[in-house]
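One structure is given below, encoded as structure tokens.
The values are calculated or read from the model by the stated rules, or taken from the named source; none is laboratory data. If you're wondering where the values come from, they're calculated on a predicted model, not measured in any experiment. Every residue, glycine among them, receives a Cβ derived from its backbone with ideal geometry; neighbour counts consider all protein chains shown. These accessible areas exclude ligands, DNA and RNA; they are computed on the full protein's heavy atoms, side chains included. Shrake-Rupley method; radii C 1.70, N 1.55, O 1.52, S 1.80 Å.
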Amino acid sequence: MRLERTTCERTTCETAPREAVNRETAPRLTVTQALALIRATVKTLGSEIVPVASAAGRVTASPVHAGADTPRFPASAMDGYAVASHDLAVATLAAPVLLPLGPMVPAGTTPPPLARGTAVPIATGAPVPPGADAVVMRETATLYGDRVAICRPAAPGHNVRAIGEDCSTGSLVLAAGVRIPPDAVGVLTAFGIRHVGVRRQPCLALLATGSELGPGDERASGAELVDSNSPMIAACAAAAGLACTLVGRVADSPAALDAALATALAPGSGDIILSTGGVSVGRFDLVRDRLEALGASVLFHGIAMRPGKPLLFALLPDGRPYFGLPGTPLAALVAFRFFVAAALRQMLGLPPETGIAVHEHPAGRPGITLFLRGRRGRDSGKGLVVDTDLDQRSHILHSLLDADCWLRIDDSDAAAPVARCYPRELLLG
């Protein structure tokens with residue numbers, strides 16, 4: 001299905017003056033349509049090869065295969081005695097088999113073949129000597145000088161880790177499009193993998209618009225508003241392992257915004273360009289006009305949702321995506337957490353985020369998708385329950401500290417209204 005633009009059709013924009021389009025009353029995409037358009041528009045980034053030691057948090061660009069058998073040799077699963085199982089076939093508690101002892105086999109050494117009719121002490125992880133096919137636990141054997149008494153048979157392979165038992169050479173270890181967790185670094189290293197192909201990490205460039213914004217310290221005047229959006233978005237990006245360059249705060253004037261955009265849009269400045277504020281319908285909301293003056297294509301401006309309705313998504317002339325986030329902190333956070341996140345996941349070759357179905361939830365609103373701060377509760381047996389009894393007003397920040405998830409409630413007029421729970425923080429993988 002073709003997704004319609006929300007602010008104006010291309011034919012309208014080409015034939016009518018820009019001011020003839022009423023952006024405030026123009027139809028808006030649904031959240032589902034907007035997310036689909038982002039994924040259809042944003043291109044997956046290229047790949048690079050990195051050492052396994054620095055691959056944690058990266059997304060695999062291609063399947064990863066084992067470079068060696070693990071274990072690479074038959075290894076003892078515990079401290080004990082390496083034996084030939086046929087030498088213990090007649091061992092009983094009443095008549096144990098008494099075997100002479102050979103030299104100890106420590107881990108990391110290459111032992112000589114086992115002499116017939118003997119046993120050798122062996123450490124956990126050490127190679128089982130040729131001619132031995134079982135290891136008897138030290139606790140179940142009794143030493144008599146230079147001999148060991150064993151009172152029960154041992155089957156071939158008993159307490160022996162077989163070659164390739166954990167992973168064999170060439171077997172699939174990780175599929176493409178998988179985020180590598182920190183503990184997987186040890187797994188990959190053990191499996192003989194020294195380098196891995198991963199998606200290039202997206203870089204972000206961020207600017208905050210608004211003549212009213214100040215630094216939030218002793219230099220601020222009484223009428224200034226604290227710029228909390230920039231540090232918040234930068235911190236969210238950093239927590240997801242992404243670099244975010246702060247271009248700065250920009251006054252609400254065409255010249256100031258043009259200069260800041262020139263810096264933010266410079267080649268190599270970022271794979272995604274973000275701004276906060278300046279995307280509503282007021283006199284000082286200049287972001288869209290200045291983007292279009294630079295030749296950017298606005299793909300949507302406004303979504304049928306709360307909070308975050310004024311969100312703008314555009315393509316720059318060089319093909320990079322641009323997100324104009326609302327200036328209200330909660331609206332900016334929702335726009336980043338769900339819509340910028342969708343672009344980041346597409347860049348990394350990750351599937352769309354799906355969330356968890358919620359059984360009990362507040363009623364939705366006709367024609368609107370709600371994003372509510374919530375606390376995960378018990379599973380009712382029919383599905384997850386999320387408590388949204390928090391202050392949901394868009395200018396209230398303190399309720400974020402009490403929340404541990406987001407609840408998305410789609411249009412209540414839909415044939416089957418859906419509520420889904422998502423992690424509070426951006427997770428890429």
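Quick notes on this one:
- Rounded to whole numbers, the Karplus 3J(HN,Hα) couplings from phi for segment 67-73 are x, 7, 5, 9, x, 8, 8 Hz, using 6.51 cos²θ - 1.76 cosθ + 1.60 with θ = phi - 60°, and x at Gly and Pro.
- Solvent exposure, largest accessible area first (probe 1.4 Å, DNA, RNA and ligands not counted), of Asp227, Asp258: Asp258, Asp227
- When the P(r) is computed for segment 197-320, the part past 22 Å accounts for 37% of the Cα-Cα pairs.
- Segment Ala251-Ala95, length gained on full extension (0.36 nm per residue, minus Cα span): 46.8 nm
- Of the residues Val358, Val279, Ser168, the one whose Cα sits farthest toward the positive end of the charge dipole of the chain, with +1 on the Cβ of Lys and Arg and -1 on the Cβ of Asp and Glu, is Ser168.
- Spacing of the modelled spin labels on Phe73 and Ala162, each 7 Å from Cα toward Cβ, amounts to 2.0 nm.
- Potential extension, Ser228-Ala262 segment - 0.36 nm per residue separation minus Cα distance: 9.9 nm
- Here the Gaussian network model covers the chain, with springs between Cα atoms less than 10 Å apart; of Val160, Val173, Val385, Val160 fluctuates the most.
- Net charge of the neighbourhood of Leu348, taken over other residues with C-beta under 11 Å away and scored Lys/Arg +1, Asp/Glu -1, is +4.
- Distance between the C-alpha centres of segment 117-134 and segment 74-107: 8 Å, rounded to the whole angstrom.
- Solvent-accessible area of Arg161 with every protein chain in place, 1.4 Å probe, in Å² to the nearest 10: 90
- Note on the chain: percent of Cα-Cα distances in each 10 Å bin, starting at 0 and stopping at the bin with the largest distance, equals 4, 17, 21, 17, 11, 9, 9, 7, 4, 1, 0.
- Rg to Rh quotient for segment 40-118, alpha carbon positions, Kirkwood Rh: 1.32
- Taking the Cα centre of the chain as origin and assigning +1 to Lys and Arg Cβ atoms and -1 to Asp and Glu Cβ atoms, the resulting dipole is close to 580 debye.
- Segment 102-231: projected area of the alpha-carbon convex hull, averaged over directions, in nm²: 16.9
- With contributions of -39500 (n - 2.57) from each DSSP H run of at least four residues, the per-residue ellipticity at 222 nm computed over the chain stands at -4000 deg cm²/dmol.
- Mean sequence separation of contacting Cα pairs (under 8 Å, at least six apart), scaled by the length of segment 272-328, corresponds to a relative contact order of 43 percent.
- Residues with amide H under 5 Å from that of Val250, placed H, sequence gap 5 or more: Ala208, Thr209, Gly210
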